[in-house]
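Read the structure below first, then the notes.
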Amino acid sequence: MIPRSFLLACTASALATSLPTPAHAQLGGGEVAAPSADTILVNGEIRMDETWAEAMVLRDGVILAMGDEATVRAIAAPGARVIDLAGRTVLPGLHDMHVHPLSGGMAAMQCQVNPDSTIDEALQAVQACVAEKLPGEWITGRAYEPAALGVTPTREMLDSVAPDNPVLLTDVSIHSSWANSLALEMAGIDRDTPDPEGGIIERDRNGDPTGVLRESASQLVARLVPPPTREQNAQALGSALDYILSFGITSFEDALVSGTVAQAYADLADSRELLPYVRGCVIGGDQALIASRQVYARDRFSPSCVKLITDGVPTDSHTAAMLDAYADTHAGHAERSDRGMLFVESESLDRQLIRYDAMGLTVKLHAAGDAAVRQSLDAIEAAREANGQTGILHNVSHNSFVATEDLARAAEIDAVLEFSPYIWFPSPIVTGITQAIGEERMERFIPVREAIDAGAFTVVGSDWNVVPSINPWLAIETLVTRRAPGATDGPQVGGSEAITVEEAFDMFTINAARHMHRSDVVGTLEPGKIADLIVLDRNIFEVPIETVHQTQVLGTMLAGKFVTGDPDFRAAD
């Protein structure tokens, strides 16, 4: 064993020789000249904390100084690149804490059913997809919303437009699927097939499968669908990342990383096509992938998070775990779904949190119902008691419903509350949730205001492509208004949970950067940080809030280089 006194002496020596002290100079270290700027951004509205600057200077992608134009030009090197912002607003890049990009990229290659489709519109969309396929080829796609369909979907409805092709559609939540008779037959699903663990095969009054599959039951059919190639995965992920960057999102958390997804990130990184920074949350059930995660790690991809799913969703499926019974429970719903479903026993969840926390891994816990949120907080508290304050910020995601007392508790145990998806305004998805939960509980739907007031650490996750849009500007506006985008009055969803634009912006920037342990390099614009920034067509803090969803990102810069948009902003006028 190396003596502790020796280690302390080595540490002290290393610190002494790394600091610009007189002793360092005597050893020949000397003074290092301040670097000169190679890029200057001038004539803009650049947000620095809660104040504004008109100019910024960079060196090798790092912010050197901010202030007035004359001051920053004084430290520019001869021939430094000058970018005229033409009065545009510059903000730090945004961070989305819950994205499914490979799924989003693949969706463009599949059959699309809009969430607001009626049953006739949904079947017309499927029929059009069938016309492009040969008999026997799979039809897969999403994202129907049961509340918008107007009827309970059945396999016979799909049979009417796709009698010779197996069909599997995923709903907008990705927690339920809708299959036709051929797909069920190929999967061997009939009236005698038992519900799989963690799943439900919906049945009619005669006991026959209706075609609707909940949670893990969807995999009985999904596992038969031919998988895409490795090259197709990388292509789909790359197109999704370009889309994400176009909204000014410079880093994000991939909320469900399988081996296929991890390989796609590694492939993009190796071909120098991975631009945003990504923290990946590896599927908790894949222990082999967790053990081999560093094989896929790259400079801009960190598989340092584990995803655990504790319940489902608070829709007609009744799979979100609730403290109180669903409002629309009736004889057609099994007793097991009166209060939803917890997918993991509490003791097991506690053990997993303690283990991953000790390993230095962040845990993201899917928890939509208030009972699942409470179970998740119990597990985080168990990890704190077992391991102490490790500094790891575990994340409870979605939080559609949270008991009031659990909000303050989240703050006490340093749990991060990630609020998503982008449905804090009237929409078909909200209609379905309201039918299942009831009007009274919807008054506290996604309780962001209460969480902030309780001192909880809050961030935002879009959950794209579970929800149709990843647009952060839509999210910022509707977090403030709780109304449909662009609306100045009219219906609200949980109106008392509205927050300010500054609070919403912080959730997307400095809060998220701290959650990812990167606030030393991103999250704000200030000297010493990396120039991950965005140029907008408006100042979101000054324009009418109901116009913020229309914000256009004119350019996205990563480490001092524009990766989207044309940096000739004067020409954009």
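What follows draws every value from the coordinates through simple rules; no lab data is involved. This is a predicted model, so every value here is computed, not measured. Neighbour counts run over all protein chains shown; Cβ positions are idealised from the backbone, glycine included.
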Angle between the chain longest axis and helix 370-387 axis [Cα atoms, degrees, rounded to 10]: 50
For region 539-545, Karplus couplings with θ = phi - 60° (6.51, -1.76, 1.60), whole Hz, Gly/Pro x: 8, 5, 8, 10, 7, x, 4
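Cut-off is 10 Å between beta-carbons; in what order do His549, His517, His95, His175 appear when sorted fewest neighbours first? Please list the in-between numbers first.
Working: His549 19, His517 15, His95 31, His175 22.
Ordered from fewest to most neighbouring Cβ atoms within 10 Å, His549, His517, His95, His175 come out as His517, His549, His175, His95.
Please figure out what share of the DSSP beta bridges in the chain is antiparallel and state it in percent, rounded to the nearest 5. Numbers along the way, then the final one.
Working: 35 of 82 bridges.
So the antiparallel bridges in the chain amount to around 45 percent.
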Value at 222 nm in deg cm²/dmol, rounded to 500, when DSSP H runs of n ≥ 4 in the chain each add -39,500 (n - 2.57): -9000 deg cm²/dmol
Sparse-neighbour loop sites [GluC sites (Glu not before Pro); region 197-258; at most 14 other C-beta within 10 Å; DSSP]: Glu197
Using alpha-carbon coordinates, inclination of helix 428-437 to the longest axis of the chain, degrees: 70
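In the neighborhood of Asn180, defined by Cβ-to-Cβ distances under 12 Å, what is the net charge if each Lys or Arg adds +1 and each Asp or Glu adds -1? The partial results should precede the final answer.
Numbers: positive: Arg155; negative: Glu156, Asp159, Asp164, Glu185.
Here the count lands on -3.
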Rounded tilt (10° steps) of 4-18 against the dominant C-alpha axis of the chain: 70
Under the Karplus curve 6.51 cos²θ - 1.76 cosθ + 1.60, θ = phi - 60°, whole-Hz ³J(HN,Hα) for region 245-256, x wherever Gly or Pro sits: 4, 5, 8, x, 8, 9, 8, 7, 10, 6, 7, 7
All lysines inside 28 Å of Lys364 as judged from Cα atoms, apart from same-chain residues fewer than 8 positions distant: Lys307, Lys529
Structure-derived Rg and Dmax of the Cα atoms in Å - corresponding label in (i) 25.5, 90; (ii) 24.3, 74; (iii) 32.7, 138: (i)
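Give, in nm to one decimal, the length gained when the segment between Gln127 and Ser346 is fully stretched (0.36 nm per residue of separation minus the Cα-Cα distance). Walk me through the numbers before you get to the answer.
Details: separation 219, 0.36 × 219 = 78.84 nm, distance 4.47 nm.
Length difference between fully extended and current span is 74.4 nm.
Listed highest first by mean packing, meaning other Cβ atoms within 10 Å per residue, what order do 451-459, 313-321, 157-165, 536-544 come in?
Values: 451-459: 20.2, 313-321: 26.8, 157-165: 18.2, 536-544: 15.1.
So the peptides 451-459, 313-321, 157-165, 536-544, ranked by packing, come out 313-321, 451-459, 157-165, 536-544.
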3J(HN,Hα) from dihedral phi, region 35-48, Karplus parametrisation 6.51/-1.76/1.60, rounded to Hz, x for glycine, proline: x, 8, 6, 10, 9, 10, 10, 10, 6, x, 10, 9, 7, 10
Region 388-462: GluC sites (Glu not before Pro) falling in loop per DSSP and having at most 15 other Cβ within 10 Å: Glu443
Longest to shortest principal axis, alpha-carbon extents of region 230-556, angstrom: 56, 49, 40
